[in-house]
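A.B. asks: Before I ask anything, here is the structure I am working with.
The values are calculated or read from the model by the stated rules, or taken from the named source; none is laboratory data. Treat the numbers as computed from the prediction; the structure is a model and nothing was measured. Every residue, glycine as well, gets a Cβ built from its backbone with ideal geometry; the counts of neighbours run over all protein chains shown. Side chains are part of the model used for accessible areas, which takes the heavy atoms of the whole protein and leaves out ligands, DNA and RNA. Shrake-Rupley method; radii C 1.70, N 1.55, O 1.52, S 1.80 Å.
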Amino acid sequence: MTIFSPRSLPEALQAINEHPGARLLAGGTDTMVEINFRHFEPTDVISLRHVHELKIFEDQANGYRIGSAIPYREFENGSYVHASRALSEASRTVGSPQIRAAGTIGGNLGTCSPAGDTLPVLSALDAQVELSSINGVRTLSIHDFMLGVKRNARNANEIITAIHIPKVDGYQGYAKVGVRNAMVISIASACLVHDISNKRVAIALGAVGPTIIRCRESEVWLSENVDLSMQSSLSTEVLQEFAHRVSAEARPITDHRSTAEYRTHAVGVLAQRLLKRAML
Ligand SMILES: Cc1cc2nc3c(=O)[nH]c(=O)nc-3n(C[C@H](O)[C@H](O)[C@H](O)COP(=O)(O)OP(=O)(O)OC[C@H]3O[C@@H](n4cnc5c(N)ncnc54)[C@H](O)[C@@H]3O)c2cc1C
């Protein structure tokens, strides 16, 4: 195995361009598991550890530009905890402190598992994924980036350089269900964002479909039945109907972690809980 260790973004882009089949390595918390279990034996690996451009966080006028190789620790309770409450809540649920010190959002996007904890957050925030190659930079909507189970729209010569999220005026929260309280991959997850200025609620689900599901029909129903220009307490009927509609949009399967029936029920409960918190 040949390991490349570029010292800058131009060097990294040159390396991936010359070796488009190479495995990019950020925190290594997914890749090293695959290599250790011999599920995958790359011939070329490009380490992103010393590419400082990927660790830059920018507070911009309307949002944040988050370098793809910033570890979860910084969002959990570190320097960038203020960027997004939902991203902080999701980051706190990832693995253990060791995993959160190494693992990155860029890696979560790279793996693109439907159970990736930051992905429902990025979906509900309508994040933009910035991809760079020696030919330039392009920005893709998160909805166009995630294609399916562990499949994304990155080209072989591209590196995910950053994620752009907006500043939102209103509640945002993330919740997940697993088989225990910590060190657990989601069996169902949800992120809800209440954008008061634009009078809308966005809700995205994880681990209940081949990729993250945005519940567009439930969002429309809510906007037609609730005044979303402010926080207002909701009736039990509205909360239950919202839960029911969100569950109906899930497309779960039964696997070694859970059953489709339980997942369908769980996302409804999570949606209802998050909406209640948003309106408190
Ligand atoms: C014990 C354990 C517990 C875990 N718990 C959770 C959990 O609770 N929730 C969760 O979501 N995940 C969990 N994971 C999975 C993993 O930690 C996350 O997916 C993490 O975000 C991966 O980030 P990384 O930087 O370590 O990625 P890496 O392993 O370095 O890379 C993962 C993939 O992304 C690609 N990649 C990385 N960076 C880039 C980039 N900048 N541009 C393009 N492609 C890139 C790599 O080529 C590779 O295909 C766990 C893993 C372990 C080992």
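A.B. asks: Going through Ser141, Ser133 one at a time, which residue ends up being more than 14 Å from the ligand (Cβ to nearest atom) and either over 27 Å from Gln231 (Cβ atoms) or open to solvent by less than 30 Å² (accessible area, probe 1.4 Å) (or both)? Spell out the reasoning first.
C.D. replies: Numbers: Ser133 fails: more than 14 Å from the ligand (Cβ to nearest atom).
Being more than 14 Å from the ligand (Cβ to nearest atom) and either over 27 Å from Gln231 (Cβ atoms) or open to solvent by less than 30 Å² (accessible area, probe 1.4 Å) (or both) holds for just one of Ser141, Ser133, which is Ser141.
A.B. asks: Among the residues of region 38-49, count how many are touching a helix residue (DSSP H, G or I) at 6+ places or on another chain (Cβ under 9 Å) and open to solvent by 40 Å² or more (accessible area, probe 1.4 Å).
C.D. replies: The total comes to 3.
A.B. asks: Among the residues of region 1-42, how many are among the polar types (S, T, N, Q) and part of a helix (DSSP H, G or I)?
C.D. replies: Residues of region 1-42 that are among the polar types (S, T, N, Q), as a first pass: 2, 5, 8, 14, 17, 29, 31, 36.
From what is left, the residues that are part of a helix (DSSP H, G or I) are 14, 17, 31, 36.
Number satisfying all stated conditions: 4.
A.B. asks: Can I ask one more? Can you name the residue in region 144-167 that is among the hydrophobic types (A, V, I, L, M, F, W, C) and in a strand (DSSP E or B) and, of all such residues, is surrounded by the fewest Cβ atoms within 10 Å (Cβ to Cβ)? Break it down into steps so the answer makes sense when it comes.
C.D. replies: So the first thing to find is which residues in region 144-167 are among the hydrophobic types (A, V, I, L, M, F, W, C), and the list is 145-147, 149, 153, 156, 159-160, 162-163, 165.
Then keep just the ones that are in a strand (DSSP E or B); that gives 146-147, 159-160, 162-163, 165.
Working: Met146: 23, Leu147: 13, Ile159: 27, Ile160: 27, Ala162: 25, Ile163: 26, Ile165: 22.
Top of the filtered list is Leu147.
A.B. asks: Among residues belonging to region 176-203 that are among the β-branched types (Val, Ile, Thr) and more than 15 Å from Gly116 (Cα to Cα), point out the one that is farthest from the ligand (Cβ to nearest atom).
C.D. replies: Here is the first cut: in region 176-203, the residues among the β-branched types (Val, Ile, Thr) are 177, 179, 184-185, 187, 193, 196, 201, 203.
In the following step, the residues that additionally are more than 15 Å from Gly116 (Cα to Cα) were identified as 179, 193, 196, 201, 203.
Numbers: Val179: 12, Val193: 19, Ile196: 29, Val201: 24, Ile203: 19 Å.
Step by step, filter region 176-203, then rank; the result is Ile196.
A.B. asks: Something else now. Check Thr259, Thr254, Thr264 and return the single one that is of a type in the set (S, T, N, Q), surrounded by fewer than 20 Cβ atoms within 10 Å (Cβ to Cβ) and in contact (Cβ under 8 Å) with a residue 40 or more places away in the chain. Outline the logic, then answer.
C.D. replies: Numbers: Thr259 fails: in contact (Cβ under 8 Å) with a residue 40 or more places away in the chain; Thr254 fails: in contact (Cβ under 8 Å) with a residue 40 or more places away in the chain.
After ruling out the rest, the residue left standing is Thr264.
A.B. asks: Kindly establish whether Arg180 is over 20 Å from Asp30 (Cα atoms), of a type in the set (Lys, Arg), open to solvent by 10 Å² or more (accessible area, probe 1.4 Å) and at pLDDT below 95. Lay out the reasoning, then the answer.
C.D. replies: Numbers: over 20 Å from Asp30 (Cα atoms): yes; of a type in the set (Lys, Arg): yes; open to solvent by 10 Å² or more (accessible area, probe 1.4 Å): yes; at pLDDT below 95: yes.
So Arg180 passes the test.
A.B. asks: Taking region 197-227 on its own, how many of its residues are in a loop (DSSP other than H, G, I, E, B) and buried (at least 21 other Cβ atoms within 10 Å of the Cβ)? Let's see the steps before the verdict.
C.D. replies: First pass over region 197-227, keeping only residues in a loop (DSSP other than H, G, I, E, B): 197-199, 207-212, 215, 226-227.
Filter again for buried (at least 21 other Cβ atoms within 10 Å of the Cβ), leaving 207-208, 211-212, 215.
Count: 5.
A.B. asks: Checking the conditions here, which among Ile196, Ile185, Ile253 is touching a helix residue (DSSP H, G or I) at 6+ places or on another chain (Cβ under 7 Å) and not acidic (Asp, Glu)?
C.D. replies: Every option except Ile253 fails the conditions.
A.B. asks: To continue, here is another question. Between a residue in region 179-200 that is under 19 Å from Ala86 (Cβ atoms) and any residue that is of a type in the set (Phe, Trp, Tyr) and in a loop (DSSP other than H, G, I, E, B), which pairs come within a Cβ distance under 9 Å, given they are 6 or more apart or on different chains?
C.D. replies: Close Cβ pairs (under 9 Å, with a partner that is of a type in the set (Phe, Trp, Tyr) and in a loop (DSSP other than H, G, I, E, B)) amount to Leu192/Tyr171; Val193/Tyr171; His194/Tyr171; Ile196/Tyr171.
A.B. asks: Of all residues in region 87-112, which are of a type in the set (S, T, N, Q) and either surrounded by 21 or more Cβ atoms within 10 Å (Cβ to Cβ) or not in a loop (DSSP other than H, G, I, E, B) (or both)?
C.D. replies: Answer for region 87-112, where residues must be of a type in the set (S, T, N, Q) and either surrounded by 21 or more Cβ atoms within 10 Å (Cβ to Cβ) or not in a loop (DSSP other than H, G, I, E, B) (or both): Ser88, Ser91, Thr93, Gln98, Thr104, Asn108, Thr111.
A.B. asks: Answer yes or no as to whether Gly27 is in contact (Cβ under 8 Å) with a residue 12 or more places away in the chain and within 12 Å of the ligand (Cβ to nearest atom). Write out each step before concluding.
C.D. replies: Values: in contact (Cβ under 8 Å) with a residue 12 or more places away in the chain: yes; within 12 Å of the ligand (Cβ to nearest atom): yes.
Taking the combined requirement at face value, the residue satisfies it.
A.B. asks: Quick one: is His256 at pLDDT below 95, of a type outside the set (Lys, Arg) and under 24 Å from Pro114 (Cα atoms)? Let's see the steps before the verdict.
C.D. replies: Values: at pLDDT below 95: yes; of a type outside the set (Lys, Arg): yes; under 24 Å from Pro114 (Cα atoms): yes.
Yes, satisfied.
Listed here are the residues, each with its yes/no results for (1) over 18 Å from Pro166 (Cβ atoms); (2) outside the structural domain of Arg180 (by TED's automatic domain parsing); (3) open to solvent by less than 80 Å² (accessible area, probe 1.4 Å).
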{"residue": "Ala12", "(1), (2), (3)": "yes, yes, yes"}
{"residue": "Gly28", "(1), (2), (3)": "yes, yes, yes"}
{"residue": "Thr31", "(1), (2), (3)": "yes, yes, yes"}
{"residue": "Arg73", "(1), (2), (3)": "yes, yes, no"}
{"residue": "Val81", "(1), (2), (3)": "no, yes, yes"}
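A.B. asks: How many residues are hydroxyl-bearing (Ser, Thr, Tyr) and open to solvent by 60 Å² or more (accessible area, probe 1.4 Å) when one looks only at region 119-130?
C.D. replies: Here is the first cut: in region 119-130, the residues hydroxyl-bearing (Ser, Thr, Tyr) are 123.
From the residues that got through so far, the ones that are open to solvent by 60 Å² or more (accessible area, probe 1.4 Å) too are none.
Number satisfying all stated conditions: 0.
A.B. asks: Let me ask something else about it. Which residues, taken from region 50-63, are crowded, with 17+ Cβ neighbours inside 10 Å and part of a loop (DSSP other than H, G, I, E, B)?
C.D. replies: Selection gives Val51 alone.
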